[in-house]
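S.K.: To start, I am sharing the structure in question, which I have written as structure tokens.
The values are calculated or read from the model by the stated rules, or taken from the named source; none is laboratory data. Being a predicted model, the structure only gives us computed values, none of them experimental. Glycine gets a Cβ as well: all are built from the backbone with ideal geometry, and neighbour counts include every protein chain shown. For the accessible areas, the whole protein counts, side chains as well, though only heavy atoms, and no ligand, DNA or RNA atoms are used. Shrake-Rupley method; radii C 1.70, N 1.55, O 1.52, S 1.80 Å.
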Amino acid sequence: VQLQASGGGLVQAGGSLRLSCAASGRTFSRYGMGWFRQAPGKEREFVATISGSGRSTYYADSVKGRFTISRDNAKNTVYLQMNSLKPEDTAVYYCAADQNLDSGTYYEKMYDYWGQGTLVTVSS
């Protein structure tokens, strides 16, 4: 499985961005998918996850109510809609796929495949 993340950029505080992650392969709907981020000088942290069907989602407290994860299995793509962005959301955002657990998880070590990352910069 190859993952290609896109959609990052520079945005002012309070603005919005939508990240996309396109996946190769025929079994995309079986994978739990997640978004993680890594800010400068910090460890990578969990942002959001979605089950293979798309019916179940889970968010980090820091983004709950502002970010929405979704997926389109027909397009092999997972999205992260980010609203009300804050400077502390500045980070490289990574998408990841878990081939063993289609429910989605916040455990980083459960993910088998990772995208290359896309940079989100939020100015104050």
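S.K.: Taking the stretch 69-121 as the region of interest, how many residues are surrounded by 20 or more Cβ atoms within 10 Å (Cβ to Cβ) and aliphatic (A, V, I, L, M)?
M.R.: 9
S.K.: Please find, among VAL63, VAL47, the residue that is open to solvent by less than 20 Å² (accessible area, probe 1.4 Å), more than 19 Å from LEU101 (Cα to Cα), touching a strand residue (DSSP E or B) at 6+ places or on another chain (Cβ under 9 Å) and of a type in the set (Val, Ile, Thr).
M.R.: Going through VAL63, VAL47 in turn, just one is open to solvent by less than 20 Å² (accessible area, probe 1.4 Å), more than 19 Å from LEU101 (Cα to Cα), touching a strand residue (DSSP E or B) at 6+ places or on another chain (Cβ under 9 Å) and of a type in the set (Val, Ile, Thr): VAL63.
S.K.: Can you pull out every residue in the stretch 1-26 that is outside any strand (DSSP E or B), touching a residue at least 60 places away in the same chain (Cβ under 8 Å) and either among the polar types (S, T, N, Q) or closer than 12 Å to ALA96 by Cα (or both)?
M.R.: VAL1, GLN2, SER16
S.K.: Please go through the stretch 50-60 and pick out each residue that is aromatic (Phe, Trp, Tyr) and either open to solvent by 40 Å² or more (accessible area, probe 1.4 Å) or farther than 17 Å from ARG18 by Cα (or both).
M.R.: Selection gives TYR58 alone.
S.K.: Mind listing whichever residues of the stretch 92-124 are modelled with pLDDT of 95 or more, within 12 Å of the chain's Cα centre (by Cα) and hydroxyl-bearing (Ser, Thr, Tyr)?
M.R.: Those that are modelled with pLDDT of 95 or more, within 12 Å of the chain's Cα centre (by Cα) and hydroxyl-bearing (Ser, Thr, Tyr): TYR93, TYR94, THR118.
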